1. Only Cα pairs under 8 Å and at least 6 apart count here; give the relative contact order of the chain as a rounded whole percent.
2. Relative contact order for the range 120-171 using alpha-carbon pairs under 8 Å, separation at least 6, rounded to a whole percent?
3. How large is ³J(HN,Hα), in whole Hz, for each residue of the range 53-59 in order, when computed from phi with the Karplus curve 6.51 cos²θ - 1.76 cosθ + 1.60 and θ = phi - 60°, using x for Gly and Pro?
4. Which lysines does Lys293 reach when only Cα atoms under 26 Å apart count, and residues fewer than 8 places away in its own chain are ignored?
5. Excluding residues fewer than 8 places away in the same chain, name every one of the lysines whose C-alpha is closer than 25 Å to that of Lys46.
6. Check Lys221: other-chain or 5+ apart residues with amide H under 5 Å from its amide H, H built from backbone geometry?
7. What fraction of the Cα pairs in the range 15-79, stated in percent, has a spacing above 18 angstrom?
8. Given H placed on each backbone N at 1.01 Å, which residues far from Asp172 in sequence or on other chains put an amide H within less than 5 Å of it?
Amino acid sequence: MSVSLWQDRSKTRDLEVQNFDIVIIGGGIAGISTAYWLMKEDQGLKVALVEKGELACGATGRNAGFITCGSVEHFNRLVGTHGAEKALEIWKFSEENLKLLEDHIIKEKEQKLQFERKGSFSLASTYEEFSELKKSYDLMNELGINVEILDQDSIEKRLNTYGFVGGIKYLDDASVHPVLLLEEILSHFKESDSFSLFENSEVFRIEQIKELKRVHTKSGKIDAPVVIMATNGYSTQLHPYFSDKIYPTRGQILATGPLPNILEGPCYANFVLDYFRQTPTGEVVIGGFRQLKKDTEVGYSDEVTDVIQDALVDFLNKHIPSIKGTDITHRWSGIMGFSADGQPMVGSIPSDPQIYFIGGFTAHGMGLAFKSGKCLVDLLFDRPIPEFVSAKRFV
Ligand SMILES: Cc1cc2nc3c(=O)[nH]c(=O)nc-3n(C[C@H](O)[C@H](O)[C@H](O)COP(=O)(O)OP(=O)(O)OC[C@H]3O[C@@H](n4cnc5c(N)ncnc54)[C@H](O)[C@@H]3O)c2cc1C
């Protein structure tokens with residue numbers, strides 16, 4: 001969204017410029033995770049986090065809550081693109097993300113955060129996809145990743161789900177209530193004197209004032225030597241550097257009312273494009289189908305459309321017939337940031353090195369952002385980060 005002269009309340013209220021060491025823009029899982037790791041450094045840094053709406057109003061508060069390992073494609077394709085060693089490194093990065101979340105944040109709060117570690121499934125509706133999943137299974141087995149293969153019969157029995165010829169189960173994956181998780185991360189440093197949160201403070205300009213950056217928000221101005229953009233899908237709205245690096249992509253989703261337990265765990269289908277899971281409180285959540293309307297499912301509008309919402313309902317009726325006709329209580333969408341190669345991006349803008357950034361999670365931020373935030377803090381303190389997340393790969 002753009003900000004008019006009249007909406008810029010810092011002008012009419014004549015607010016003082018505030019000074020911080022670091023300003024993080026964006027209150028999603030990436031911004032909050034980065035703040036967590038910054039505060040952990042215990043360097044006495046004064047950190048401000050500014051968010052245009054409320055915390056989690058972006059993709060983080062609108063996702064399906066899968067915390068899955070790997071990336072947007074089946075493992076055999078990841079190996080095809082990167083080779084086995086790099087593919088394993090990418091996989092291990094997301095395993096480490098989950099472990100860090102469990103050790104630092106979730107600990108004994110599984111129930112409170114609706115966290116479950118039931119694994120996740122990838123289901124094939126064609127023999128062609130199943131043959132890719134079998135290849136993935138073999139490769140993963142060789143590399144020591146915990147995975148199980150399933151035939152049609154066991155999918156029907158264990159998931160009450162029909163129309164799939166086979167699949168694999170990634171045994172270590174998890175799921176969570178994404179907003180409760182975000183709030184839990186924040187609770188670790190929210191009260192700290194060196195941390196300040198500014199919600200409803202859209203940033204509309206970043207200006208250079210001598211050696212500092214001046215961050216103009218609707219509610220005030222902040223000066224700091226370092227700015228971190230954690231704006232993911234919205235990044236191009238704030239800086240042109242991202243226009244050919246992080247693409248805003250809409251994802252649509254719906255939820256039913258609470259139902260008896262029918263699904264053993266979260267599921268992906270159709271080459272990771274479509275997905276469904278059941279929450280611990282019984283709601284079935286189904287998302288995907290942006291491939292039906294690639295031309296409309298881009299940009300910044302978080303409307304829902306009939307074409308995709310109808311496709312989601314058809315999917316539910318076809319594949320989970322026991323809940324056919326059930327009430328749909330929520331329909332929504334969110335804006336994701338897709339990177340050019342599907343991997344996250346952590347770095348600074350080459351022409352403007354005081355602006356750091358984190359994003360490009362390509363529909364997998366819950367499985368990547370906590371560790372990516374740690375990487376960004378490593379970068380700030382001149383510690384090495386993995387090549388495949390470093391934005392230097394695009395230079
Ligand atoms: C329907 C859907 C389902 C998904 N399902 C999953 C899933 O199951 N598992 C998974 O891992 N991932 C999933 N994702 C992707 C996941 O939600 C994202 O990868 C993740 O939330 C990205 O987090 P983020 O903090 O980088 O971005 P966001 O959560 O989008 O946060 C960016 C924040 O920046 C703020 N902002 C933007 N511009 C400005 C500005 N100018 N000034 C101030 N603030 C600004 C925004 O308001 C926003 O809050 C899904 C996404 C969608 C939309």
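Here, each number is a calculation from the coordinates, and none is a lab measurement. Note that the structure is predicted; figures quoted are calculated from it, not measured. Because the Cβ atoms are built from the backbone with ideal geometry, glycine has one as well, and the counts that use them run over all protein chains shown.
1. Numbers: 842 pairs, mean separation 92.4, N = 395.
Here the relative contact order equals 23 percent.
2. Numbers: 76 pairs, mean separation 26.7, N = 52.
Value for the range 120-171: 51 percent.
3. Values, residue by residue: x, 9, 3, 6, 7, x, 4 Hz.
4. Lys245, Lys318, Lys324
5. Lys11, Lys190, Lys210, Lys213, Lys218, Lys221, Lys371, Lys374
6. For Lys221, whose amide H was placed from the backbone, the distant partners under 5 Å are Gln18.
7. Values: 1138 of 2080 pairs.
Percent of Cα pairs beyond 18 Å in the range 15-79: 55.
8. Residues meeting the criterion, in which the H sits 1.01 Å from N, are Ser120.
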